[in-house]
1. Please specify each residue of the stretch 96-120 satisfying the condition of being touching a helix residue (DSSP H, G or I) at 6+ places or on another chain (Cβ under 8 Å) and surrounded by 15 or more Cβ atoms within 10 Å (Cβ to Cβ).
2. Give the residue that is surrounded by the most Cβ atoms within 10 Å (Cβ to Cβ), with candidates limited to residues of the stretch 132-184 that are within 20 Å of residue 61 (Cα to Cα) and in contact with a helix residue (DSSP H, G or I) (Cβ under 9 Å, 6 or more places away or on another chain).
3. Kindly indicate which of 346, 321, 396, 339 is at pLDDT 95 or above, under 24 Å from residue 238 (Cβ atoms) and not assigned by TED's automatic domain parsing to the domain that holds residue 246.
4. If residue 301 satisfies every condition in (1) under 22 Å from residue 36 (Cβ atoms); (2) touching a helix residue (DSSP H, G or I) at 6+ places or on another chain (Cβ under 9 Å) but one, which is the exception?
5. Given the criteria more than 21 Å from the chain's Cα centre (by Cα), surrounded by fewer than 16 Cβ atoms within 10 Å (Cβ to Cβ) and without any contact (Cβ under 8 Å) to a residue 60 or more places away in the chain, does residue 187 qualify?
6. How many of the residues in the stretch 1-17 are surrounded by 16 or more Cβ atoms within 10 Å (Cβ to Cβ), touching a helix residue (DSSP H, G or I) at 6+ places or on another chain (Cβ under 8 Å) and at pLDDT below 95?
7. When you scan the stretch 333-343, do you find a residue that is within 30 Å of residue 70 (Cα to Cα), surrounded by fewer than 16 Cβ atoms within 10 Å (Cβ to Cβ) and in contact (Cβ under 8 Å) with a residue 60 or more places away in the chain, even just one?
8. Within the stretch 200-223, is there a residue that is in contact (Cβ under 8 Å) with a residue 24 or more places away in the chain, loosely packed, with under 14 Cβ neighbours inside 10 Å and not in a loop (DSSP other than H, G, I, E, B)?
């Protein structure tokens, strides 16, 4: 099955594609959560009253699925308290009053990388997690077992298929050397034969630029993808780059593939040169409530409310603010919510239309739109009946939460939301069965 055929067309709204990245000034305070990645939260390494410097490690964990957290500013810790994320998870956070000096920590030094082990160690110390939004710890992704899952293909996700977002595009246009050098370091040390840089066709300048820069390297292929949604989903882009299907319960590594976001590899190249960990994020600020849409390079921990004021947002008319894109973004409940590593956009909208749901008309559009060929209407029925076995037989865990089913539904049903609730229900059911054994 060609997954691209099951994608949908949506309005691109790439208003900021030609907006060069602005450097956001250091705010008066930053709030840095100890959980900014997929996995376990970090434990604070600093206390109220401590002085910290730029790039200093302020949080870490011994858990397998975790990466350290660093200070994006220099100044004084004024609070260490619980933080409730937009996803409903509670972790500790560190609030720092900035001194305006931006004094760099003595620990910030370029890593010495000679082999795979030193690469993995350096990537973890950088605090790097996937910058496409999911936040999977990058060092775990790169630390594959060659004997169990030999890797022959590195897929660079530069699709950026969500409306409004252009932060990855600006990375390619402004820092193409970082993109390509980061790829080459990973490719050479991990001995990966093929690299596919996958870019949607609505970014012709980036395609042309990177094609010209790689013209003498047959191991790096710039692959033009159709401008469809969700072209940037991991399973979709892996299939369209290599022709291999990532099955239920599998990781890309099971099919000999590593998928990395284009901004992730560019960041890693800068870290290898400077030793400065992941403390800033380029993100797009846009939406119909924003008067001056832009791309901004922002210290982690900056409040989203400050960013919206920076982009001349009409806050009185804002009805909804998303971190991420229109399709898969997270709605925030408080404008004091800080920017974290995985944020690639802030979208402020005037209209939050309440759509009236009607009964399912059995049109099948949700099935046709699903890139994995799933049946959201059947998920909905099985979830209402609390039938975990039926949900598993329908392969509910293959749902990638792209939202295409809800987008095309003429009955305006909350199918994507129900899919996620159904996945949680199956997970809880499996846990209960394990506990009863």
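The values are calculated or read from the model by the stated rules, or taken from the named source; none is laboratory data. All values reported here derive from a predicted model rather than from experimental measurement. Using ideal geometry, Cβ is built from the backbone for each residue, glycine included, and neighbour counts are taken over all protein chains shown.
1. Across the stretch 96-120, the qualifying residues are 108, 111, 113, 116, 119, 120.
2. Ranking the candidates gives 138 first.
3. Matching residue, one of 346, 321, 396, 339: 396.
4. All conditions pass for residue 301, except number (2).
5. no
6. The qualifying residues number 5.
7. There is at least one residue in the stretch 333-343 that is within 30 Å of residue 70 (Cα to Cα), surrounded by fewer than 16 Cβ atoms within 10 Å (Cβ to Cβ) and in contact (Cβ under 8 Å) with a residue 60 or more places away in the chain.
8. yes
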